[in-house]
Amino acid sequence: MTVTWTSGYDIDEAVPFVEWGRKGDLQVRSPAGTLTFKQNSMCGSPASTVGWRDPGFIHTSFLKDLWPNFVYMYRIGHLLYNGSVVWGKTYSFKSSPYPGQNSLQRVVIFGDMGKAERDGSNEYSDYQPGSLNTTDQLIRDLDNIDIVFHIGDLTYSNGYISQWDQFTAQVEPIASTVPYMIASGNHERDWPNSGSFYDTPDSGGECGVPAETMFYYPAENKAKFWYSTDYGLFHFCIADSEHDWREGSEQYGFIEQCLASVDRHRQPWLIFSAHRVLGYSSNDWYSQEGAYEEPMGRDGLQKLWQKYKVDIAFYGHVHNYERSCPIYQNQCVNKEKNHYSGTVNGTIHVVVGGAGSHLSKFSQLIPYWSIYRDYDFGFVKLTAFNQSSLLFEYKKSRDGKVYDSFTISRDYKDVLACVHDGCEPTTLAS
């Protein structure tokens, strides 16, 4: 588990650490590293000019050798050089289940949430009108959430660095209690001539630096925002749609390795995620292009999803909710809509980018593969009851009620079964 926070103390002023331990046990102290970024790290304006504000110092501590499923207490501290300690508040979290542990596990996924003031005082054009509703619903249900994935477009700070503090303060009740995992979106990374796949100014000159510094994620290279992570019965492959994902690229190799590495007997639920829609969306602008996807999105990826039998692929970027049928090469491979069982013969694609930012219009034509569309703010919750049973729920942010759902029931042999373009080689030799 990692704990990250910001302060005004540089390393020559105080030593940062976390005091922590199992509830009721002796507390120990773990040191924290300290990072920051400077104005000359920004790629352009406004981040490098009128939007610049010193971020202070970002501290990260690694709490290791946790016992699975235990409640831990922790608080941050700064040891001043006069011997006194400045303490933060006391928080708690429950440690992750052992990978493959057969128990109840609950995951929340959404994208494009942003932030807002409670009085609306600094929200230009009310750009993220659903943000507070989503945040508040998650806080109300926090006892029933184990881990959160925010898949890109985190703050919409767009080069105004102070808004990162506003966002982290808004999500603190969530991120201080359960793991808050992130992905990179266009509003974190994209800037002309900066190495991003899209040569657009969407990050406002940040070019990924604040996101890469303020959040910890287990990528080999923080500037390449792709990584894999496990939580109990789940294996997640988080792609970076702001870098090249096409066949032959470095990231494509990572995606295949991530999908191939999972032991489906221990972790039967295989989840792929990216910010942009690399799968299917009937958003208005995608439909005008005719392919219902990010250009070049699924060209090379769909054979990997099929080969490794990905259960669900999640995307943000489009600010609405949509669920596809289990699909491969533009063909629905299962006529069911609310309960799936048996062989994994196609991937379900879900757009869940309606967590806060202004909503995106759908095409007037509803494609045959689109099972449910909602022009509203919301998020998805996955509940794994065990290795054979998964519940999917789409909830609206305004009331927390379920508006779309399905279940998956299957056994390990169903994951192993041969499907079209997803068969292991065999031999007639004995």
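Nothing in this text is a laboratory measurement; each read-out follows from the coordinates by a stated rule. All of these numbers come straight from a predicted model, not from anything done at the bench. Cβ placement follows ideal geometry from the backbone for every residue including glycine, while neighbour counts extend to all protein chains displayed.
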Quiz item: Arranged from highest to lowest average of other beta-carbon atoms within 10 Å per residue, in what order do the peptides 409-420, 354-365, 174-185 appear?
Solution: 174-185, 354-365, 409-420
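Counting other C-beta atoms within 10 Å, and keeping those with at most 13, which DSSP coil trypsin sites (Lys or Arg not before Pro) do you find in the stretch 79-165?
Values: sites: 89, 94, 106, 115, 118, 140; in loops: 115, 118.
For trypsin sites (Lys or Arg not before Pro) across the stretch 79-165 that sit outside H, G, I, E and B with at most 13 neighbouring Cβ atoms in 10 Å, the list reads 118.
Looking only at the chain, where both bridge partners belong to it, what percent of the DSSP beta bridges are antiparallel (to the nearest 5)? Walk me through the numbers before you get to the answer.
On the way: 67 of 91 bridges.
DSSP beta bridges in the chain are roughly 75 percent antiparallel.
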Exercise. Post the alpha-carbon centroid distance, the stretch 393-430 to the stretch 183-260, in whole angstrom.
Key: 25 Å
Quiz prompt | Placed amide H near residue 341: partners under 5 Å, 5+ positions off or other chain | solution = 409
Quiz item: Quick one: Karplus J couplings for the stretch 187-202, per residue in order, coefficients 6.51, -1.76, 1.60, θ = phi - 60°, nearest Hz, x for Gly and Pro?
Solution: 7, 8, 10, 6, 6, x, 6, 10, x, 6, 5, 9, 8, 10, x, 4
Exercise. Check cross-link reach from residue 413 to the lysines: straight Cα distance under 23 Å, and skip same-chain residues fewer than eight apart.
Key: 303, 307, 309, 335, 337
Quiz item: Where in the stretch 47-63 does the amide nitrogen come within less than 16 Å of the point 7 Å from the Cα of residue 39, taken along Cα to Cβ?
Solution: 47-56
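Report Rg(Cα)/(2.2 N^0.38 Å) for the stretch 49-92, keeping two decimals. Walk me through the intermediate numbers first.
Values: Rg = 15.7 Å, N = 44, 2.2 N^0.38 = 9.3 Å.
For the stretch 49-92, the normalised Cα radius of gyration comes out at 1.70.
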Quiz item: Extension gain residue 265-residue 26, at 0.36 nm per residue separation less the Cα-Cα distance, in nm?
Solution: 82.4 nm
Quiz item: Using modelled backbone amide H atoms (1.01 Å from N, in-plane), which distant-in-sequence or interchain residues come within less than 5 Å of residue 269's amide H?
Solution: 235
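Roughly speaking, what is the stretch gain from residue 375 to residue 221, that is 0.36 nm per residue apart minus the C-alpha to C-alpha distance, in nm to one decimal? Present the calculation step by step, with values, prior to reporting the outcome.
Values: separation 154, 0.36 × 154 = 55.44 nm, distance 3.63 nm.
Value of the extension gain: 51.8 nm.
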Practice problem: Kindly rank 57-65, 23-31 from highest to lowest mean number of other beta carbons found within 10 Å of each residue. | Solution: 57-65, 23-31
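Let me make sure I get this right: for the stretch 193-326, a, b and c are the square roots of the gyration tensor eigenvalues over alpha carbons, sorted descending. Under 1.5 in a/c it's rounded, otherwise prolate if a/b > b/c, else oblate. Which is it? Walk me through the intermediate numbers first.
Details: a/c = 1.67, a/b = 1.11, b/c = 1.50.
The shape class here is oblate.
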Quiz prompt | Reachable lysines, given that their alpha-carbon falls under 24 Å from the alpha-carbon of residue 23 and they are not under 8 places away in the same chain | solution = 64, 89, 94
Quiz item: Gain in length, residue 385 to residue 338, computed as 0.36 nm per residue apart minus the alpha-carbon separation, to one decimal in nm?
Solution: 15.2 nm
Self-check item: Amide N proximity, the stretch 1-37 versus residue 66 label position 7 Å along Cα-to-Cβ, cut-off under 13 Å
Solution: 1-4, 20-23
Practice problem: Can you pull the one-decimal nm distance between simple spin-label points at residue 420 and residue 366, each 7 Å off the Cα toward Cβ? | Solution: 2.4 nm
Quiz item: Got a sec to turn the phi values of the stretch 62-73 into Karplus ³J(HN,Hα) couplings, 6.51 cos²θ - 1.76 cosθ + 1.60 with θ = phi - 60°, whole Hz, x for Gly and Pro?
Solution: 9, 9, 10, 6, 6, 7, x, 6, 9, 7, 10, 9
Quiz prompt | In order through the stretch 413-428: 3J(HN,Hα) via Karplus (6.51 cos²θ - 1.76 cosθ + 1.60), integer Hz, x for Gly, Pro | solution = 4, 6, 6, 6, 4, 6, 10, 4, 6, x, 10, 6, x, 10, 9, 7
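Within 13 Å, Cβ to Cβ, of residue 106, how many net charges do the neighbouring residues add up to if Lys/Arg are +1 and Asp/Glu are -1?
Details: positive: 94, 381, 395; negative: 141, 143, 146, 393.
Cβ neighbours under 13 Å give a net charge of -1.
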Exercise. Take residue 303, project a point 7 Å from its Cα along the Cβ direction, then tell me which residues of the stretch 229-253 have their backbone nitrogen under 12 Å from it.
Key: 247-248
